[in-house]
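Here the structure is laid out as structure tokens; the discussion comes afterwards.
The values are calculated or read from the model by the stated rules, or taken from the named source; none is laboratory data. Here the structure is a predicted model, which means the values were calculated and not measured. Note that we place each Cβ from the backbone using ideal geometry, even for glycine, and neighbour counts take in every protein chain shown. Please note that ligands, DNA and RNA were not included when accessible areas were found on the heavy atoms of the full protein model with its side chains. Shrake-Rupley method; radii C 1.70, N 1.55, O 1.52, S 1.80 Å.
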Amino acid sequence: MSNQAKQKNNFSMGKLTSLLVLLHNTELVKEVEQELDSRGYNYTVGKVGAMELSKVVAAVETSAKNNHIINANSYREVHALYHAILEAIQGVSRGTLQLGDILRTVGLTFSIVRGNIDSSGYGGEWISVCVYGTIGAPKKGFEHDALGFGFNHI
């Protein structure tokens, strides 16, 4: 096994979630998807653009439900996803969960990954959300790149 392959196999679930969104729409994403599949992880990628936080949360949550990442009838699963989403959005919005109220808009690609991890003290099923895109004033050219990540146990 090559050194590159060994390093790939050592990627954590969080790193794979981040790479999935960052490499989306490139040839390199196939390697990430193969690794996710080999670990039995469920995952999806989607996009959302909005000035309202509720629309961003709803888009990610709807994608998770429609792609069978979570069971829509399980409070525990929806709740875990909700906290992972909020944590990821805090990264994008620099800790302030406000968008339109302060004249901010986002254009984001998001990834959601769910699966079992076996790390010291963290074993069990987890869900992670990574969002990447732009945030800024609602005017073309007045935005900048942003990245956020959230991770929660189920």
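Note down the magnitude of the dipole of segment 13-153 about its Cα centre, charges +1 on Lys and Arg C-beta and -1 on Asp and Glu C-beta and zero elsewhere, to the nearest 20 debye.
My answer is approximately 360 debye.
With the full set of protein chains in place, find how many percent of the accessible area of the chain is carbon and sulfur; take the probe as 1.4 Å.
Result for the chain: 49 percent of the exposed heavy-atom area is carbon or sulfur.
Normalised by the number of residues in segment 13-153, what is the relative contact order in percent for Cα pairs under 8 Å and 6+ residues apart?
Relative contact order here is 28 percent.
Sequence gap of 8 or more, or different chains, plus Cα separation below 30 Å: how many lysine pairs satisfy both in the chain?
Total qualifying Lys-Lys pairs in the chain comes to 19.
At q = 0.09, 0.18, 0.20 Å⁻¹, what log₁₀ I(q)/I(0) does a Debye calculation on the Cα points of the chain give, no solvent, two decimals?
Ignoring solvent entirely, the Cα scatterers give -0.28, -1.04, -1.23.
Suppose each label sits 7 Å from its Cα in the direction of the beta carbon; what would the T26-N42 distance come out to in nanometres?
Simple spin-label model gives 2.8 nm for this pair.
Taking only Cα atoms, what is the 0 to 90° angle, nearest 10, from helix 53-66's long axis to the longest principal axis of the chain?
30 degrees
Arrange the peptides 104-113, 24-33 so that the one whose residues have, on average, the most other Cβ atoms within 10 Å appears first.
104-113, 24-33
Leaving out ligands and nucleic acids, and using a 1.4 Å probe, what accessible area per residue does the chain come to in Å²?
In whole numbers, the chain has 55 Å² accessible per residue.
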